[in-house]
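Enquirer: Here it is, the structure, as C-alpha cells.
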Amino acid sequence: MAQPILLELPRQDPREALYERLKRAPHEHAEALLNVYDILQELQDRGVLDLAKGALGSGEEVLQILVNVANTPEMIRGIRNMMILAKVANSFEPEILEAVEQAVQESLAEARKPKPVTLWQLMKKLLSQESRRVLIATASMLQAVGKSLGN
C-alpha cells in the first residue's frame, strides 16, 4: 500500500511581499514621492504639521472647545441660517445666477463710465418688462419679510 507524501511548504510571512513592494516603490514612483516630499516640506514650513501634531496630542481639549463654541445660541442660529441660505441658493437655476453674475459685471462697467446715464435712460430701464419682473419679485419678497416681522 502506498504511503501519502506529505508536502510541507515553507510558511511565507505576508509582510514579506509588502516589504518587497516597499523596497521597489522609490524606484517605481520616484516622481510621485518627490511631490509628496515637497508637499510635506511646505506643510512643515507653514507650521501646519506642528498644528496638526498639537491638535492630535490634545484632541479631547480641542473637541471640548469646539463643542462649547457650537453649543452657543449664536452658532446654532448661524448654522440654521446657513442651511436656509443653502436651500434658497439651491432653488435657483444655475443660469439665473450666471445671468446675475454677468449683469453685475456689466452694471459695474456702466457705472464706471465718466458720463452717467440720463434720468430718461434710467426711467426707461426701470420701466422695461425685464425690470418690472425683478421689481415684482423683490416687492413680493419684501412683503413676505414684512409679514413675518409683524408676527
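Enquirer: More than 14 Å apart: what percent of Cα pairs in region 1-85 qualify?
Expert: Percentage above 14 Å: 82.
Enquirer: What accessible surface, in Å², does a 1.4 Å probe find on residue 108, ignoring ligands, DNA and RNA and rounding to the nearest 10?
Expert: Residue 108 has an accessible surface of roughly 80 Å² with all protein chains in place.
Enquirer: At what distance in angstrom do the alpha carbon centres of region 2-48 and region 94-146 lie from each other?
Expert: 62 Å
Enquirer: Run down the lysines and flag those whose C-alpha is under 22 Å from the C-alpha of residue 115, throwing out any fewer than 8 positions away in its chain.
Expert: 124, 125
Enquirer: Another question, then. Applying the Karplus parametrisation 6.51 cos²θ - 1.76 cosθ + 1.60 with θ = phi - 60° to the phi angles of region 84-91, what ³J(HN,Hα) value in whole Hz is obtained for each residue in order, glycine and proline being reported as x?
Expert: My calculation for region 84-91 gives 5, 5, 5, 5, 4, 4, 5, 6 Hz in order.
Enquirer: Over the chain, average the accessible area per residue using a 1.4 Å probe and give it in Å², no decimals.
Expert: It amounts to 98 Å² per residue over the chain.
Enquirer: Let me ask something else about it. With the Cα gyration tensor of the chain in hand, give its eigenvalues times 5 under a square root as the equivalent ellipsoid semi-axes, listed largest first in whole angstrom.
Expert: 64, 27, 23
Enquirer: Moving to a separate point now. On each of the three principal axes of the Cα atoms of region 80-151, give max minus min coordinate, whole Å, ordered largest first.
Expert: Largest first, region 80-151 extends 44, 27, 21 Å along its Cα principal axes.
Enquirer: Still on this model: Can you list the lysines whose alpha carbon sits under 29 Å from that of residue 53, skipping same-chain ones fewer than 8 residues off?
Expert: In chain and number order, the partners are 23.
The values are calculated or read from the model by the stated rules, or taken from the named source; none is laboratory data. From a predicted model like this one, the values you see are computed outputs, not experimental measurements. For accessibility, only protein heavy atoms count, side chains too; no ligands or nucleic acids. Shrake-Rupley method; radii C 1.70, N 1.55, O 1.52, S 1.80 Å.
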